[in-house]
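Contents: one structure, followed by commentary.
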Amino acid sequence: MAVIDIKNVTKKFGDNTVLNNITLELNDEISAILGPSGSGKSTMLRCINGLEPIQQGDILVDGVSVKTRSNLRRIRKTCGMVFQQFNLFPNLDVIQNVTLSPIKILGQKRASAEKHAHSLLEKVGLLEKARHYPAQLSGGQQQRVAIARALAMNPKILLLDEVTSALDPEMTADVLKILESLAGEGTTMIMVTHEISFARRVSKRILFIDQGSIAADMPTDAFFSVDDQRIQKFLQHVG
């Protein structure tokens, strides 16, 4: 069974069709979702995590439908999500941001949650910032905290939505280094990104979305060598 099974999904905002009858299976691998701005990439991730309702079709996450609202808590345990904007709680310090969901949703004891959080902060190179507040951190540091927060829920899948889009080049390099390390550890990731060289380096599969439809779905090596005018034009534009 696919980890994520997208069945004939259509998503609209008013009269605007953002996802058009998409059918797709995603497995335990690293998949990169590429495509021009406004093509529906981020919307697809938000639909997978139940953050956006769908008008037609269904999405099964580990066999559980996102269309049943009572399933969303379980789905969000399965799918950790890291957003373009960091979405940290400004009134909580780093350790509180990372431990809040494990304590409140998973029912972990505070001591256990904090021990795990310390190990994750060490993984992302921010252990010394555990008692700092988001406003005291750079953008790259805040994004690394957001990654640690997602991992604290022990998700089966990590959804990454343009996680470097708000960062300068140096901060981007720091965050991509963390993600590449996670990829090397076998973490399942589905990432929307414009970091083409990073996607080429770490992903096993490329999904190319154009105007709300899957225009290409192929192994990474094949994607970057395919003789397709639309894909080549896109790669030239973002390269």
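Here is a list of conditions, (1) open to solvent by 20 Å² or more (accessible area, probe 1.4 Å); (2) in contact with a strand residue (DSSP E or B) (Cβ under 7 Å, 6 or more places away or on another chain); (3) of a type outside the set (Val, Ile, Thr), and Ser181 meets all of them except one; can you say which number that is?
(2)
Residues in the range 140-158: is at least one surrounded by 16 or more Cβ atoms within 10 Å (Cβ to Cβ), outside any helix (DSSP H, G or I), at negative phi and free of Cβ contacts under 8 Å to residues at least 40 places away in the same chain?
No - not one qualifying residue is present in the range 140-158.
Each row is one residue, and each column tells you yes or no for (1) open to solvent by less than 80 Å² (accessible area, probe 1.4 Å); (2) assigned to a strand (DSSP E or B); (3) of a type in the set (A, V, I, L, M, F, W, C); (4) under 26 Å from Gln85 (Cβ atoms).
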{"site": "Lys11", "(1), (2), (3), (4)": "yes, yes, no, yes"}
{"site": "Thr23", "(1), (2), (3), (4)": "no, yes, no, no"}
{"site": "Ser39", "(1), (2), (3), (4)": "yes, no, no, yes"}
{"site": "Cys47", "(1), (2), (3), (4)": "yes, no, yes, yes"}
{"site": "Glu52", "(1), (2), (3), (4)": "yes, no, no, yes"}
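Looking only at the range 89-129, filter to residues that are of a type in the set (Ser, Thr, Tyr) and either over 15 Å from Leu151 (Cα atoms) or at pLDDT 95 or above (or both); which one of those is least open to solvent (accessible area, probe 1.4 Å)? Step through it out loud before you land on a result.
Of the residues in the range 89-129, the ones of a type in the set (Ser, Thr, Tyr) are 99, 101, 112, 119.
Of the ones still in play, those that are also either over 15 Å from Leu151 (Cα atoms) or at pLDDT 95 or above (or both) are 99, 112, 119.
Values: Thr99: 3, Ser112: 65, Ser119: 55 Å².
Filtering the range 89-129 for residues that are of a type in the set (Ser, Thr, Tyr) and either over 15 Å from Leu151 (Cα atoms) or at pLDDT 95 or above (or both), the one least open to solvent (accessible area, probe 1.4 Å) comes out as Thr99.
In the set Leu60, Leu34, which member is within 24 Å of Phe223 (Cα to Cα) and either touching a helix residue (DSSP H, G or I) at 6+ places or on another chain (Cβ under 9 Å) or not β-branched (Val, Ile, Thr) (or both)?
On the way: Leu60 fails: within 24 Å of Phe223 (Cα to Cα).
That would be Leu34, the only listed residue that is within 24 Å of Phe223 (Cα to Cα) and either touching a helix residue (DSSP H, G or I) at 6+ places or on another chain (Cβ under 9 Å) or not β-branched (Val, Ile, Thr) (or both).
Just name the residue that is most open to solvent (accessible area, probe 1.4 Å) out of those in the range 186-239 that are more than 22 Å from the chain's Cα centre (by Cα) and charged (D, E, K, R).
Asp227
When residues of the range 1-44 are filtered for being closer than 22 Å to Ile231 by Cβ and charged (D, E, K, R), how many remain?
3
Would you check which residues across the range 13-29 are touching a helix residue (DSSP H, G or I) at 6+ places or on another chain (Cβ under 8 Å) and within 18 Å of Ala216 (Cβ to Cβ) and list them?
Leu19, Ile22
Would you confirm whether or not the range 59-78 contains a residue that is open to solvent by less than 70 Å² (accessible area, probe 1.4 Å) and within 13 Å of the chain's Cα centre (by Cα)?
yes
Applying the selection to the range 159-178, what residues are in a helix (DSSP H, G or I) and in contact with a helix residue (DSSP H, G or I) (Cβ under 7 Å, 6 or more places away or on another chain)?
Met171, Asp174, Val175, Leu176, Ile178
Among the residues of the range 1-57, how many are among the small types (Gly, Ala, Ser) and touching a residue at least 60 places away in the same chain (Cβ under 8 Å)?
Counting residues in the range 1-57 that are among the small types (Gly, Ala, Ser) and touching a residue at least 60 places away in the same chain (Cβ under 8 Å) gives 6.
The values are calculated or read from the model by the stated rules, or taken from the named source; none is laboratory data. Computed from a predicted model, the values in this text were never measured in an experiment. Counting neighbours? That spans all protein chains shown, and the Cβs are built from the backbone with ideal geometry, glycine included. Just the protein is used for accessible areas: all its heavy atoms, side chains included, with ligands, DNA and RNA removed. Shrake-Rupley method; radii C 1.70, N 1.55, O 1.52, S 1.80 Å.
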